[in-house]
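The values are calculated or read from the model by the stated rules, or taken from the named source; none is laboratory data. Just so you know, these numbers come straight off a predicted model, no measurement behind them. Note that each Cβ is placed from the backbone with ideal geometry, even for glycine, and that neighbours are counted across all protein chains shown. The protein model used for the area step is the full one, side chains on, heavy atoms only, and it has no ligands, DNA or RNA in it. Shrake-Rupley method; radii C 1.70, N 1.55, O 1.52, S 1.80 Å.
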Amino acid sequence: MLRIIVKSLKTGVLTEASPFGRHASFGFPVIDFSRCTACDECARSCPTGAIQDATPAPGRKTLSLSYAACIQCRQCVTGCPEQAVTVSSDVEVAAYTRRQLARIASFDVDPMTGRCTFSRVEVEAGPSLSESAARLRERICGRLGRSLHVRQVDAGSCNGCELEIAATTNPLYDLERFGIHLVASPRHADVLLVTGPVTRNMEIALRRTYEAAPEPRVVVAVGACGSSGGIFGEGTYAAVGGVDRVLPVDVYIPGCPPRPQAILNGLLVAMGVREARVEPLRG
């Protein structure tokens, strides 16, 4: 017993005071559209269709990047001849909608040469970490009135996301210091944390789990598969696709798999969503 106490004193506190200060070892691709020539090499190299090109009108071309479907394979980074694609280490990736996870760039096409010139990029702003932290401070001040209980549901994942979710409970990230607890039953849950593409065999079970959770429940889709179907796609013989094909999703946490910091960020965003739903009930 004495040896354990001595070792603990020597080890000290391992928990990160600010887990969001640590950048992820790998992240999502970032396209510098001002350097991009819309050559489509990145779109052709993407295995999940996260990058797509389109010609909506004569003389106009678009290139879209969706983090919902991105598996962070970096094929687009190595495949870009203009070296316009780099990798971000940002962990503030949670969003309320799939559209907030997309960047759509427009290019003007020269009819004589066929050369594309960047025109503009469309990005719908999502929740920021500062917003999530503000929600957390409000909860600590007693506005929410209790902890956030989370039920994790595996709808058909490869267990990569489960490993990262488990990592949020270790001493380094310490999920419970934020008042967030994993529970065994959906009847005790405020949030359903759903991973994997929803397989045909899990569709009914997932719906029943959602129905068992008390209102006001919040659904969080985790990972590329949960956000968009990932490499398994949507509407296939084996999988329905992203969680939003079965349940109304309130928060998306993209990544393959998302880092523990990103999962924490997404749960804090979910905490804000639930608080907004609780307030009218109190009034």
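List every residue pair whose Cβ atoms sit under 7 Å apart, with the two residues 6 or more apart in sequence or on different chains, where the first one lies in region 169-197 and is more than 18 Å from Gly266 (Cβ to Cβ) and the second, anywhere, is open to solvent by 10 Å² or more (accessible area, probe 1.4 Å) and among the hydroxyl-bearing types (Ser, Thr, Tyr).
Pro171/Thr15; Pro186/Thr209
Here's a check for you: in region 132-163, which residue that is open to solvent by 60 Å² or more (accessible area, probe 1.4 Å) and either within 18 Å of Thr209 (Cα to Cα) or outside any loop (DSSP other than H, G, I, E, B) (or both) is modelled with the lowest pLDDT?
Checked region 132-163; the qualifying residue modelled with the lowest pLDDT is Ile140.
Output the qualifying pairs, or none if there are none: Cβ atoms under 9 angstrom, residues six or more apart or on different chains, first residue in region 148-160 and at negative phi, second residue part of a loop (DSSP other than H, G, I, E, B) and open to solvent by 40 Å² or more (accessible area, probe 1.4 Å).
Arg151/Ala184; Gly160/Cys256
When you go through Ser106, Ser89, Ser119 one by one, which is the residue that is of a type in the set (Ser, Thr, Tyr), at pLDDT 90 or above, touching a Ser or Thr at 6+ places or on another chain (Cβ under 9 Å) and surrounded by fewer than 16 Cβ atoms within 10 Å (Cβ to Cβ)?
Ser119
Name every residue in region 220-233 that is open to solvent by less than 40 Å² (accessible area, probe 1.4 Å) and either closer than 15 Å to Val91 by Cα or among the aliphatic types (A, V, I, L, M) (or both), in order of residue number.
Of everything in region 220-233, those that are open to solvent by less than 40 Å² (accessible area, probe 1.4 Å) and either closer than 15 Å to Val91 by Cα or among the aliphatic types (A, V, I, L, M) (or both) turn out to be Val220, Ala221, Val222, Gly223, Ala224.
If you go through region 116-126 one residue at a time, do you hit one that is assigned to a loop (DSSP other than H, G, I, E, B), under 30 Å from Val218 (Cα atoms) and out of contact with any strand residue (DSSP E or B) (no Cβ under 8 Å at 6 or more places or on another chain)?
Yes, that holds for at least one residue.
Mind checking which residues of region 61-78 are over 8 Å from Pro29 (Cα atoms), of a type in the set (A, V, I, L, M) and either without any contact (Cβ under 8 Å) to a residue 60 or more places away in the chain or open to solvent by less than 10 Å² (accessible area, probe 1.4 Å) (or both)?
Those that are over 8 Å from Pro29 (Cα atoms), of a type in the set (A, V, I, L, M) and either without any contact (Cβ under 8 Å) to a residue 60 or more places away in the chain or open to solvent by less than 10 Å² (accessible area, probe 1.4 Å) (or both): Leu63, Leu65, Ala68.
Quick check on my filter: what residues within region 234-271 are under 16 Å from Thr48 (Cα atoms) and buried (at least 24 other Cβ atoms within 10 Å of the Cβ)?
Ala239, Gly242, Pro254, Gly255, Pro257
Residue-by-condition table, conditions (1) assigned to a helix (DSSP H, G or I); (2) more than 19 Å from the chain's Cα centre (by Cα):
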{"position": "Asn201", "(1), (2)": "yes, yes"}
{"position": "Ile204", "(1), (2)": "yes, yes"}
{"position": "Arg208", "(1), (2)": "yes, yes"}
{"position": "Pro216", "(1), (2)": "no, yes"}
{"position": "Ala221", "(1), (2)": "no, no"}
{"position": "Ala224", "(1), (2)": "yes, no"}
{"position": "Ser227", "(1), (2)": "yes, no"}
{"position": "Asp244", "(1), (2)": "yes, no"}
{"position": "Pro248", "(1), (2)": "no, no"}
